[in-house]
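Read-outs: derived from the displayed coordinates by stated rules, not from any lab. What you see is a predicted model, and the numbers here were worked out from it, not measured in a lab. A quick note on method: Cβ atoms are made from the backbone with ideal geometry, for glycine too, and the neighbour counts reach across all protein chains shown.
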Amino acid sequence: MGWDQDFKASAEGIVDTVRAVVQGLTNNYRRVRYLASVARSRWFTDPEDTFEQISLSRAWDYESELERQRHRRVLEEVACLRGTANWGNALELGCHDGVFTLDLASRCTHVMACDISSDACARARLRCSALSQVEVARLNVEIDTFPGKYDLIFAMDILNYVYGRDRMLGLCSKISAALDRNGLLVITECRLAHYIQDGWFRSWVPVGGDIIVDLFASQPALRLVHREFHPDAGQDVGPHYMAHVIAMYEKNEEGGTIGR
């Protein structure tokens, strides 16, 4: 009996080792594929054309209940930090078809809603056509200058498409400079799979909500004041909705410049 137990334990140990090796090889293969997609997106594709095609295909539905729940959580937390009175001037980076823009319009003096896709801008402009306080403009967040200073800046679901630490910190610096004194930055971003976020390349290709939020929080020009998951457990909801991180930062007047 003792020999049988030893053999069974040894066999189970071998199976567990083989499974771990196979899982490790699988994750490494997935990481290589992801890095290849990053390289292709950064150096060999036109982001304006990519997001134009995404918008034309109607691939993203920001009117779904899960998305609207996330929007409501963002608005509730901003209200906790800024009160329920008028929030002032807001810059929305990545407005898509203007669903969240409408929410901001009822709470802000002016909303500058921007997107890299001309189709998305046209749809947002149509959705908000009756609102004089909403302005829609086409803008590439990495290349174009942000017009003016803002009390609030929303960068929701765009940062995972900024590839490379240098580019991410450059955008962080632009956003910080565009925030008015005591301004508030709101980020929401997908968490991505653990084997991507924990990849050895995360120091020079920061991806996934957790890594991006931490990178912004490490910059002296910004102070992290709120962080949560959506949904609360931080787990994906089925195959069609990835969990998000919601984070909010106040501009730190004592913080100086963005570090590298």
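With the convex hull built on the Cα atoms of the range 122-260, state its orientation-averaged projected area in nm². Reported value for the Cα convex hull: 9.6 nm². The trypsin sites (Lys or Arg not before Pro) found in the range 58-112 that occupy coil by DSSP, while having at most 11 further C-beta atoms within 10 Å, are R58. Applying the criteria of a DSSP loop state and at most 12 other Cβ atoms within 10 Å to the GluC sites (Glu not before Pro) of the range 171-256 yields E253, E254.
I need the GluC sites (Glu not before Pro) found in the range 69-164, filtered to DSSP loop residues with at most 10 other beta carbons within 10 Å of theirs. Nothing satisfies the criteria. Normalising the Debye intensity of the range 121-192 to I(0), with uniform scatterers on Cα atoms only, and taking log10 at q = 0.15, 0.21, 0.22 Å⁻¹ returns -0.60, -1.09, -1.16.
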